[in-house]
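Contents: one structure, followed by commentary.
What follows is calculated from the coordinates using simple rules that are stated; it is not laboratory data. Quantities reported herein were computed from a predicted structural model and do not represent experimental measurements. Using ideal geometry, Cβ is built from the backbone for each residue, glycine included, and neighbour counts are taken over all protein chains shown.
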Amino acid sequence: MRVPLIPGLAALAEQADGYLLDLWGVIHDGVVAYAGAGETLRAIRAAGKRTLLLSNAPRRGATLVEQLSRLGLPRHLYDEVLSSGDAVHLELERRSDPFFADLGRRLYHMGPERDTSVFDGLDYRSVGIDEADFIVNTGPVDLEETIAEYQPVLDRAIARRLPMVCANPDHVVMRQGRAIMCAGAIASHYQAMGGRVAMRGKPDPAIYTVALERLGCAADRVLAVGDALHTDVKGANAAGLRAVFVTQGIHAAELGIEPGAEPEPARLAEVVAAHGEIPLAAMATFRW
């Protein structure tokens, strides 16, 4: 199995009218924007292509716009923004999915205060775990926390058979070169305990339907760019899109490279095969 290594997105420009761009691991590392990210966004726009930033962030898209501005990436550099937090907010509002339709109105928020935009403004009341009808999981409060620290409340939730809504399917992200646990890891553990979990975000095909509607491009003319084989590439493949795998993110150590370095083709093929998700191409960093 050979995955072509390309120098940048320009190599595939004739195949795309639009791009679904992951944020964490592609455009920034949670603290700073990657070198060249702004220039790449400008080049995509200059080439007449559309962009949608598609993130598994457990908060609304407006907060992501504010964060990107602080990182030196102003709003005019991209067209649309969609987060897993947006998708959860929409489901909590519509309650059309059977899982969400059965939820009560009292929620226990498992996550930091900065993520309450997922349910703010909706007809729900945030309560303690012993009064809750369900859990909204947006991830750890502190970057140093582990699943073990959540075990007591998860045990209580299992005892009460509480369903869980996970607003970020990611298990881990790389922050300044360090792995940080995400909501998906807690949700997966809760499932293993026997808990019922609904997730929204990559790789769930539903979020790609919304993303394509907002992007306004035909699916066969869209490239999904991301650093996670199990979410970005898997999700794109399941939605019938083609994916470009950025190797500087969470798989860098697995590929045996420093972030930003180009992996050996044989090792790249091994890692991709091990995860079972095949991208159209790979590139070392997000660049045009």
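Dipole of the chain (Lys/Arg Cβ +1, Asp/Glu Cβ -1, origin at the Cα centre): which of V32, A185, A219 lies farthest to the positive side? Result: A219, furthest along the dipole toward the positive end. The range 234-288 and the range 104-126 have Cα centres lying 35 Å from one another.
Computed about its Cα centre, the charge dipole of the chain is approximately 460 debye, with only Lys, Arg, Asp and Glu carrying charge at their Cβ. Centre-to-centre, using Cα atoms only, the range 38-66 and the range 152-219 are separated by 21 Å.
For the chain, the longest principal axis of the C-alpha atoms and the axis of helix 265-275 are separated by about 20°. To the nearest ten degrees, helix 37-46 and the longest principal axis of the Cα atoms of the chain are 70 degrees apart. For the chain, the longest principal axis of the alpha carbon atoms and the long axis of helix 183-192 meet at an angle near 60°. Spin-label pair E262-E14: with each label point 7 Å from Cα along the Cα-Cβ axis, the two points sit 2.1 nm from one another. Per residue, the average separation of C-alpha pairs within less than 8 Å and at least 6 apart gives the range 88-199 a relative contact order of 24 percent.
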